[in-house]
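For reference, the structure discussed in these notes is given below.
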Amino acid sequence: MRARFLWLGLGLLLASALFLTLGARGDWGFVLMLRGTRLLALLVVGAAMAVATVLFQTLSGNRILTPSVMGFDALFVLLQTMLAVTLGGFGLASLPAQIRFGLELALLLAAALALFGTLLGQSRPDLHRMILTGLIFGVLFRSLAGFLQRLIDPNDFAIVQSAAFARFNAIPADLLALSTVLTLAALGAAWSLRHRLDVMALGRDHAVSLGVDHRRTLLLALVVVAVLVSVSTALVGPVTFFGLLVAALAQLVLRDHRHAVLLPGAALVAGIVLVAGQTLVERVFHLSITLAVAVEFAGGLLFLALVLRSPAR
Amino acid sequence: MIEIRQVSHRIGGTPILSDIDVTIPKGGITALIGPNGAGKSTLLGLVARLERLQAGRIAVDGLDVARTPTDRLARTLAILRQDGTVAARLTVRDLVGFGRYPHHKGWPGPADRDAVEEALEAFDLAPLGTRFVDTLSGGQRQRAMVAMTYAQGTDYILLDEPLNNLDLAHARALMQRLRGMADRHGRTIVVVLHEVNYAAHYADRIIGLRDGRIAAQGPAPEVLTEPTLSSLFGSPVRLGRVGEHTVVLHHA
Ligand SMILES: Nc1ncnc2c1ncn2[C@@H]1O[C@H](COP(=O)(O)OP(=O)(O)OP(=O)(O)O)[C@@H](O)[C@H]1O
Ligand SMILES: [Mg+2]
């Protein structure tokens, strides 16, 4: 186990070193500064999506559902759009990005708790119903957001549009500091829940009889998921299958059920995939393909494989 | 002592349990019997706070199950559910290890590890310790689930059809172990049984449930009579004797 972590850590270090230095010319201080910021952003986004996915899979008790599959990030984009419309109406379109993000986050928290809290709180959640609900939510949120975006003022639209599509090349720097702090706090909270999450993974009845306050833990973990999804969606837009991909990879590599292993493992794998992937895209393919598309493609294939293979538990 | 006072339960408007009022004394084995759909699992689920109590009051060892913090109850009461599946993919040893969670909260010590090994030993699972639960046979899986409940080491144990899938040797071994836990350690065990012969031989007391009501209760010999059993199950039952044992004939 330790050895596998060591390898993952080394992998991430190597990828980061390549990302920072490959093809760098001119003023090193400037290059490192610029690339360092982007590296940090990639790491934050990767950890956020990976941990959010592992948490959500534990809460829903299966390996196919992820926050994105359930329309969590689509909901964020919808709220973002709605907020832009409302704020634009009040002539507040030029609100600082951080405040705007704070509002979006608060909205997502409320909506996510209302929606997913009830869905996951049932004593025996029905997987088929959950997947269907999630797909319907996802489509609904996306089309509502698209509809709103067509209605709004072009100035507001510019703000929202950048958020509605996944991109790893241009991560908004103004949100990075706030996002990093929020992500660290959320990761800390997830880490403190790790033992309870192990028990939650057994299912509701087992968790209750083993003395875990199921409802409380569920809500806490959902708050963490909502924060992480907000951060990653605000930074890179909605990426449907990335979380699924890295969570599955982490399970494959680590083969352990404990969240003390899974959470950091998935975050490491996510960092490696994003940083190495972005290095490849920028230095080898010279931006002729985008990482978002590549990741979605691989993750989408994996999703299909999982759906077709699993006994749909 | 488990006190169940005026408990009624409805699901979607249909009454499942009506005015259940029983006291299960501390120590000994109480068998819960009755036809399919009588409400046995629902009653156990209510006692183990897995279902929300709608009407009435239940206290286990003086702890009100609706008010006591769930982690406190987990050190007093363990339950094996009838459909004991686990969502996660675990090895048998890890699964049984979860039984110790109420005591170590994620930081298992040597005592917890010993308890797990003892539980594995007790249910003949030692050779299967590293196997994944979803690769086990039905009876092996049932024993793993029972071992997890056993490892919890509580004074009160609720078992919903623990003999499901067990062969006759393992079924007998399990009942003998329960008997030993009750006799030597003063544990209070409530066990749902369909095979009345096990109740006849191992239970101190029997509660018969039918249509969500208590149809019979008392010391085992008082409840195990031809008329009581026949009307409880709505099917003719005869009693016979083999040596010193009462045998319930219900299959022919
Ligand atoms: N979720 C539910 N929705 C509707 N009816 C339910 C539900 N759960 C239980 N019931 C009904 O409640 C009644 C009691 O169920 P319960 O599982 O307690 O029976 P049981 O005595 O354990 O039966 P068995 O011997 O078959 O295990 C049954 O008629 C059952 O159909
Ligand atoms: Mg039952």
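All other residues whose Cβ lies under 9 angstrom from that of residue A:19 are scored, Lys and Arg at +1 and Asp and Glu at -1, for a net of +2. When the charge dipole of the protein assembly as shown is built from unit charges on Cβ atoms (+1 for Lys and Arg, -1 for Asp and Glu) and taken about the Cα centre, the candidate among A:36, A:176, A:72 whose Cα reaches farthest toward its positive end is A:36. Computed 3J(HN,Hα) for the range B:5-11, one whole-Hz value per residue from the Karplus formula 6.51 cos²θ - 1.76 cosθ + 1.60 where θ = phi - 60°, is 10, 6, 8, 10, 8, 10, 10, glycine and proline marked x.
May I ask for the distance between the Cα centers of the range A:204-226 and the range B:230-252, given as a whole number of Å? About 46 Å separates the Cα centre of the range A:204-226 from the one of the range B:230-252.
Other protein chain C-beta atoms within 10 Å of residue C-beta, averaged over A:196-208: 6.
Radius of gyration over Kirkwood radius for the protein assembly as shown, both on Cα atoms: the Rg/Rh ratio is 1.07. Between the range A:35-90 and the range A:255-277, what's the alpha-carbon centroid distance in Å? Between the Cα centres of the range A:35-90 and the range A:255-277 lies a distance of 17 Å.
Placing +1 on the Cβ of every Lys and Arg and -1 on the Cβ of every Asp and Glu, with no other charges, gives the range B:174-226 a dipole of roughly 280 debye about its Cα centre. Amide H to amide H, with H built 1.01 Å from N, residue B:80 comes under 5 Å of B:158, B:159, B:160, counting only residues 5 or more places away or on other chains.
Here the sum of -39500 (n - 2.57) over DSSP H runs of 4 or more residues, divided by the residues of chain B, equals -9500 deg cm²/dmol at 222 nm, to the nearest 500. Here the spin labels are modelled as points 7 Å beyond Cα on the Cα-Cβ line, and at residue B:211 and residue B:83 they lie 2.6 nm apart. The range B:1-23 and the range B:99-164 have Cα centres separated by 30 Å.
Divide by every residue of chain A the summed helix terms, -39500 (n - 2.57) for each DSSP H run of at least 4, and state the resulting mean residue ellipticity at 222 nm, rounded to the nearest 500 deg cm²/dmol.
Mean residue ellipticity, 222 nm, calculated: -26000 deg cm²/dmol.
Take every pair of alpha-carbon atoms less than 8 Å apart whose residues are at least six positions apart; their mean separation over the length of chain A yields a relative contact order of 35 percent. Taking packing as the residue-averaged number of other Cβ atoms within 10 angstrom, the listed peptides A:12-23, B:207-218, A:263-274 run from highest to lowest as A:263-274, B:207-218, A:12-23. Label point 7 Å out from residue B:14 along Cα-to-Cβ: which residues of the range B:37-66 have amide N under 12 Å? Only B:37-39 pass the distance filter.
If you look at the Cα atoms of the range A:38-308, you get an Rg and a Dmax of 17.9, 55 Å. Sequence-ordered 3J(HN,Hα) estimates for the range A:245-258 from the Karplus curve with 6.51, -1.76 and 1.60 and θ = phi - 60° stand at 4, 6, 5, 5, 4, 4, 5, 5, 6, 8, 6, 8, 9, 6 Hz, glycine and proline given as x. Computed about the Cα centre, the dipole magnitude for chain A is approximately 740 debye when only Lys and Arg (+1) and Asp and Glu (-1) carry charge, each at its Cβ.
From the largest down, the range B:190-252 spans 35, 24, 17 angstrom on the principal axes of its Cα atoms. With the convex hull drawn over the C-alpha atoms of the range A:1-103, the volume per residue is 165 Å³.
Amide H contacts of residue B:209 (H built 1.01 Å from N, in plane; Pro and chain starts excluded): B:33, B:34, B:215 sit under 5 Å, all sequence-distant by 5 or more or on other chains. Taking the charge dipole of the protein assembly as shown about its Cα centre, with +1 at Lys and Arg Cβ atoms and -1 at Asp and Glu Cβ atoms, the residue from A:201, B:148, B:73 reaching farthest to the positive side is A:201. Other protein chain C-beta atoms within 10 Å of residue C-beta, averaged over B:85-94: 5. Couplings for the range A:221-238, taken from phi via the Karplus curve 6.51 cos²θ - 1.76 cosθ + 1.60 with θ = phi - 60°, read 5, 5, 4, 4, 4, 4, 4, 5, 5, 4, 4, 5, 5, 5, 7, 10, x, x Hz in order; Gly and Pro are left as x. Using Cβ point charges alone (K and R +1, D and E -1), the dipole size of chain B about the Cα centre works out to roughly 380 debye. Each 10 Å bin, from zero up to the one with the longest distance, holds this percent of the alpha carbon pairs of chain B: 7, 30, 36, 22, 5, 0. Residue by residue along A:209-219, Cβ atoms of other protein chains within 10 Å of the local Cβ number 5 on average.
Read-outs: derived from the displayed coordinates by stated rules, not from any lab. Since the model is a prediction, treat every value here as computed from it, not as a measurement. Quick reminder, even Gly has a Cβ in these numbers, built from the backbone with ideal geometry, and neighbours come from all protein chains shown.
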